[in-house]
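A.B. asks: Starting off with a structure, shown below.
The values are calculated or read from the model by the stated rules, or taken from the named source; none is laboratory data. Model, not experiment: these values are computed from the prediction. FYI the Cβ positions are ideal-geometry reconstructions off the backbone, even for glycines, and counts take in every protein chain you see.
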Amino acid sequence: MEILLTHGSTLVMIAAIVGFFMAWGIGANDVANAMGTSVGSKALTIKQAIIIAMVFEFAGAYLAGGEVTSTIRKGIIDPTLFVDIPELLVFGMISALLAAATWLLVASILGWPVSTTHSIVGAIIGFAALGVSADTVAWAKVGGIVGSWIITPLISGVIAFVIFNSAQKLIFDTDKPLEQAKRYVPFYMFLAGFVLSLVTIKKGLKHIGLDNINLGFYNIEIAGAGGYYLAFIVAVVVALVGKYFINQLQFDDKAEKNTHYANVEKVFAVLMVVTACCMAFAHGSNDVANAIGPLAAVVSIVDHGGEIAKKAELVWWILPLGGFGIVAGLAIFGHRVIATIGKGITHLTPSRGFAAELAAACTVVIASGAGLPISTTQTLVGAVLGVGMARGIAAINLGVVRNIVISWVITLPVGAGLSIIFFWIIKAIFS
């Protein structure tokens with residue numbers, strides 16, 4: 001307790017620096033979740049993708065990053081066991097941020113898409129289990145995270161496989177692909193509008209205290225079934241508007257079939273850009289907590305003289321710090337992981353990229369509803385693999401996939417190991 005009174009401001013400053021470093025790592029590694037398929041399919045250039053991601057990731061992080069955040073990310077440790085030793089929790093959170101950020105830097109340099117959530121969770125497990133006591137860790141939740149390595153990529157892969165094959169059979173493998181596109185693309189727009197609205201509502205709007213929308217004649221409760229009703233309304237509007245504009249498209253029926261295919265791909269390219277923007281906003285609002293959650297915990301403990309609260313009010317400067325960190329990371333290093341997801345796993349076209357992006361969004365909604373621990377990175381990689389499998393195993397670069405899977409498996413232990421080392425160093429310095 002005396003350590004917090006003596007060195008509190010120094011510890012908060014250190015936590016802010018490593019929190020920014022962690023947000024930087026999230027931007028450098030996770031931006032590919034929203035933009036990788038768009039770049040890989042050439043729907044966007046790398047510069048366009050980074051600019052769009054900077055806008056929507058920052059908007060999601062700053063506008064919908066949360067007025068209140070859980071001080072212990074994902075409930076992975078029991079804070080009540082730190083009541084008498086709050087300084088160790090402060091040391092641990094700083095160590096966890098520094099460890100996770102260091103691993104994300106290494107992974108981003110190598111172009112490996114790893115889970116930022118699993119990085120910070122592994123780091124928290126490390127300092128808590130070995131630095132304090134194994135009893136502080138909720139091991140059942142750790143088991144759920146390990147299980148998610150298999151479950152979430154599998155779900156998204158199957159959904160992407162189905163969406164891609166349906167588009168092939170209904171549109172591309174027909175005699176008149178443009179006519180079929182005008183008929184069926186509005187249905188894909190409806191599905192995309194519904195799923196992306198749900199992702200934005202459940203992962204974004206819920207953070208800004210928007211619990212209900214009063215229409216005068218009806219009150220929509222965002223948290224309950226109202227969120228689904230609102231998403232359905234948005235989806236219908238998107239489908240109708242999309243159908244109108246698609247019907248306005250005029251193409252030469254006498255042109256070669258390859259030209260027709262290219263024109264259909266242009267329609268999917270527009271869909272991909274919209275999908276990417278929504279995913280970037282949702283990602284910014286959700287995953288910024290991996291950086292600001294532990295930082296908020298440190299600030300709260302120091303400000304309250306060692307008292308540990310389950311929820312911590314965010315100090316005004318924490319959210320912008322997280323938002324700017326994400327933007328800095330994706331601007332400087334984001335292109336490396338984007339290249340891996342967009343080009344390294346399998347060859348993508350706009351229709352294939354759209355199938356992968358939509359499948360990832362569907363999986364996020366399903367997992368959130370079921371309460372499954374989820375990594376957006378692993379979800380999207382699984383979806384890209386699903387699209388590749390639809391074209392045959394030869395269409396997948398197995399060497400790249402092997403490296404990605406290895407990076408997933410070592411993320412938890414590497415994060416934990418680094419966290420333990422940093423924890424002991426920080427503890428020795430301040431004790």
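A.B. asks: Output the qualifying pairs, or none if there are none: Cβ atoms under 9 angstrom, residues six or more apart or on different chains, first residue in the stretch 229-251 and of a type in the set (K, R), second residue surrounded by 14 or more Cβ atoms within 10 Å (Cβ to Cβ).
C.D. replies: Filtered contacts from the stretch 229-251: K243/K182; K243/V185; K243/P186; K243/M189.
A.B. asks: How many residues does the stretch 346-401 contain that are touching a strand residue (DSSP E or B) at 6+ places or on another chain (Cβ under 8 Å), modelled with pLDDT of 85 or more and not in a helix (DSSP H, G or I)?
C.D. replies: Looking only at that region, the number is 3.
A.B. asks: If we scan the stretch 144-164, do we find a residue that is closer than 13 Å to E265 by Cα and surrounded by fewer than 19 Cβ atoms within 10 Å (Cβ to Cβ)?
C.D. replies: no
A.B. asks: Continuing with this model, one more query. Determine whether A296 is assigned to a helix (DSSP H, G or I) and surrounded by 24 or more Cβ atoms within 10 Å (Cβ to Cβ).
C.D. replies: So A296 fits the description; yes.
A.B. asks: Filtering the stretch 172-201 down to residues that are in contact with a Ser or Thr (Cβ under 8 Å, 6 or more places away or on another chain) and modelled with pLDDT of 85 or more, which residue is surrounded by the most Cβ atoms within 10 Å (Cβ to Cβ)?
C.D. replies: Checked the stretch 172-201; the qualifying residue surrounded by the most Cβ atoms within 10 Å (Cβ to Cβ) is A192.
A.B. asks: While we're on this one: When you go through (1) more than 19 Å from the chain's Cα centre (by Cα); (2) free of Cβ contacts under 8 Å to residues at least 60 places away in the same chain; (3) in a helix (DSSP H, G or I) one by one for D84, which number turns out not to apply?
C.D. replies: Unmet condition: (3).
A.B. asks: Do we have I326 as surrounded by fewer than 20 Cβ atoms within 10 Å (Cβ to Cβ) and in a helix (DSSP H, G or I) here?
C.D. replies: Judged against the criteria, I326 is not a match.
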